[in-house]
Amino acid sequence: MTIDIEMKNNVRQIPGVLANDHKSLTVEAGEIHGLLGENGAGKTTLMNILSGLAVPDAGEVLLNGIPVHFGSCLDAIEYGIGMVHQHFMLVPVFTVTENIILGNEPKKGIRLNMNLARALVTEISARYGLKVDPDALIRDIPVGMQQRVEILKALSRGARIMILDEPTAVLTPQEVEELYAIMRSLREAGHTIIFITHKLQEIMEITDRVTVLRDGRVVDTVETSDIDEAGLARMMVGRDVVLRVEKEQHAAGEVKLRVKHVFANDSRGLPALKDVSLEVRAGEIVGIAGVAGNGQSELVEVITGLRSQESGGIFLGELDISDMTPRERMYAGLGHIPQDRQRRGLVMDFSLIDNFLMGFEDSPPFAKGPMLDYTAAEQFSRESIQMFDVRTPGPHVLARALSGGNQQKMIVAREFQREPAVLIAAQPTRGLDVSAIEFVHKKLIELRAQDKAVLLISMELTEILDLSDRILVIYEGEIVGSFEAGQATPEMLGLLMAGSKVNQAGGQEDAPPHQNGKEGGADHG
């Protein structure tokens, strides 16, 4: 095949970290090429060079054998390279059309020609089979549709080479399958795709070849058909990785978290939770399965105090925390790993020390009267960084300097260090590599063994099935199914998540479910 992209001995130093250590990469024309590596391995940094967002300290880039030099992303776009970033670069209050044409607006004289812009979006949408509503506001469409807009934005600028950075991190299983179909159709149309991920199963599912990075260097490039997930994991981490969760039987104790008949609205004032009741006991992990947008976010926000319920109660043991602030709930023993690490978990322009201190500011050994002991805080931060393998040059760097996966590991480290009696873990392994996922899963099992209560909300069905002692399914703001560990199959959960009813034998029934045949509001304890 024809060599489309060749990156030779690229070096990129960012503050305190050699992100690219003489990396070389060869991508063939018309292939889906996977870029796999641990958090902080330098995947995004390498692609930032190819997309013009970063300038290498050394090395060269060749397209079709010709050396090229990019001073900005506009230069890369001129050469047909487009990148869809992990955190979308869209304006929420603009329409789909306005976002796609932004920076490349068709004009009629000196005025913007919106009719032509809408026609262009409709045409390119039809050409690539990426259906979108040109007039919808970005804030009103689901994440999977927003990703389509990002892809169309790149294609509208003539992108022949597409870089997708962790594109499935916030997608539902159904949206992931839709993305795979889009990638295959683009490959058939002659596009070259570089697919950045840390998920082994995605590499096996969609790529033709894969390059594995570790510690800023290229380990190897292999044909995907010539390797398995275990082999990829060894290349990524440098050791064998346990890909399945191992946990012993553990008897659940007293109820630690109780949600009683909770009703709550979403940010638009529409019903999001409808008479939700559940219990989590000491020494138990309860998993919540559901398609995004069915009330999981509102449930987490109500429990943690970030959203007020319309009615109902939240209890930690016998303590009613319904009217407590988030800080008061934290001091009462509630921990929270938020699903949005950048908005809810970190202050991006604060140092790691300041971020680790959040919630500990007035606690010994950090508080000394009205003053903070920054020496103790720095030591605590260094210990947490080492214990949870947060890849960073030191605790004084800003949170925004970390890769997304290392930001996630930092939040997980802080919440586990609190030793909460009840932990709300919302998407705790989102954006983490296989080694970090293994570590977080072990820590959750350790909490369970210490008779802590864990409420796990995850888009990964495998994670729900592997970790949970009980599984609840949420659909349109209601708990529609409850299973003990081992009773549920992915197929049964998938049917309930989609709004179908499942009978006791696991088969599908015609009527939509309601509390597994019970009236709403029953405690799922």
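The values are calculated or read from the model by the stated rules, or taken from the named source; none is laboratory data. Given the structure is predicted, the values throughout are model-derived calculations rather than measurements. All Cβ positions, glycine included, derive from the backbone under ideal geometry; neighbour counts span all protein chains shown.
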task = Would you check if Gly477 is assigned by TED's automatic domain parsing to the domain that holds Gly287, in contact with a Gly (Cβ under 7 Å, 6 or more places away or on another chain), modelled with pLDDT of 90 or more and surrounded by 14 or more Cβ atoms within 10 Å (Cβ to Cβ)?
result = yes
task = Filter segment 356-402 for residues that are assigned to a helix (DSSP H, G or I), polar (S, T, N, Q) and more than 22 Å from Tyr331 (Cβ to Cβ) and give the result.
result = Thr375, Gln379, Gln386
inquiry  = Anything in segment 125-135 that is of a type outside the set (D, E, K, R) and modelled with pLDDT under 90? List them, or say none.
reply    = Ser125, Ala126, Tyr128, Gly129, Leu130, Val132
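Yes/no per residue for (1) in a strand (DSSP E or B); (2) under 30 Å from Gln342 (Cα atoms); (3) of a type outside the set (Phe, Trp, Tyr):
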{"site": "Pro67", "(1), (2), (3)": "yes, no, yes"}
{"site": "Ile77", "(1), (2), (3)": "no, yes, yes"}
{"site": "Gly82", "(1), (2), (3)": "yes, yes, yes"}
{"site": "Met89", "(1), (2), (3)": "no, yes, yes"}
{"site": "Arg118", "(1), (2), (3)": "no, no, yes"}
query = Within segment 221-243, can one find any residue that is among the hydroxyl-bearing types (Ser, Thr, Tyr) and closer than 30 Å to Arg127 by Cβ?
reply = yes
message = Please go through segment 288-336 and give me each residue that is in contact with a Leu (Cβ under 8 Å, 6 or more places away or on another chain), of a type in the set (Ser, Thr, Tyr) and in a strand (DSSP E or B), ordered by number.
response = none
query = Are there any pairs, at least 6 apart or on different chains, whose C-beta atoms fall under 8 Å, with the first in segment 102-116 and assigned by TED's automatic domain parsing to the domain that holds Ile138 and the second hydroxyl-bearing (Ser, Thr, Tyr), and if so, which?
reply = Asn104/Ser156; Met114/Thr97
request  = Give segment 17-56 a look and list any residue that's small (Gly, Ala, Ser) and either farther than 17 Å from Thr168 by Cβ or modelled with pLDDT under 90 (or both), or say none.
outcome  = Ala19, Ser24, Ala29, Gly30, Gly37, Gly40, Ala41, Gly42, Ser51, Gly52, Ala54
message = Could you tell me how many of the residues in segment 1-57 are of a type outside the set (D, E, K, R) and touching a His at 6+ places or on another chain (Cβ under 8 Å)?
response = 8
note = Matching residues in segment 339-372 (buried (at least 20 other Cβ atoms within 10 Å of the Cβ) and small (Gly, Ala, Ser)) number 1
task = Sort out which residues of segment 283-321 are surrounded by fewer than 18 Cβ atoms within 10 Å (Cβ to Cβ) and either outside the structural domain of Ala498 (by TED's automatic domain parsing) or not aliphatic (A, V, I, L, M) (or both), and write them in order of number.
result = Gly293, Ser308, Glu310, Ser311, Gly313, Phe315, Gly317, Glu318, Asp320
query = Which is without any contact (Cβ under 8 Å) to a residue 12 or more places away in the chain, surrounded by 14 or more Cβ atoms within 10 Å (Cβ to Cβ) and among the hydrophobic types (A, V, I, L, M, F, W, C), of Val61, Val27, Val96, Val68?
reply = Val68
note = Here the qualifying pairs (Cβ atoms under 7 Å; residues six or more apart or on different chains; first in segment 291-313 and under 18 Å from Met324 (Cβ atoms); second surrounded by fewer than 20 Cβ atoms within 10 Å (Cβ to Cβ) and among the hydrophobic types (A, V, I, L, M, F, W, C)) come out as Gly305/Met324; Gln309/Phe263; Glu310/Phe263; Ser311/Phe263; Gly312/Phe263
ask   = Can you name the condition, by its number, that Thr224 falls short on among (1) farther than 26 Å from Phe315 by Cα; (2) modelled with pLDDT of 95 or more; (3) within 21 Å of the chain's Cα centre (by Cα)?
value = (3)
inquiry  = Considering only residues that are outside any helix (DSSP H, G or I) and under 22 Å from the mean Cα position of the chain (by Cα), which ones fall in segment 123-155?
reply    = Ile141, Pro142
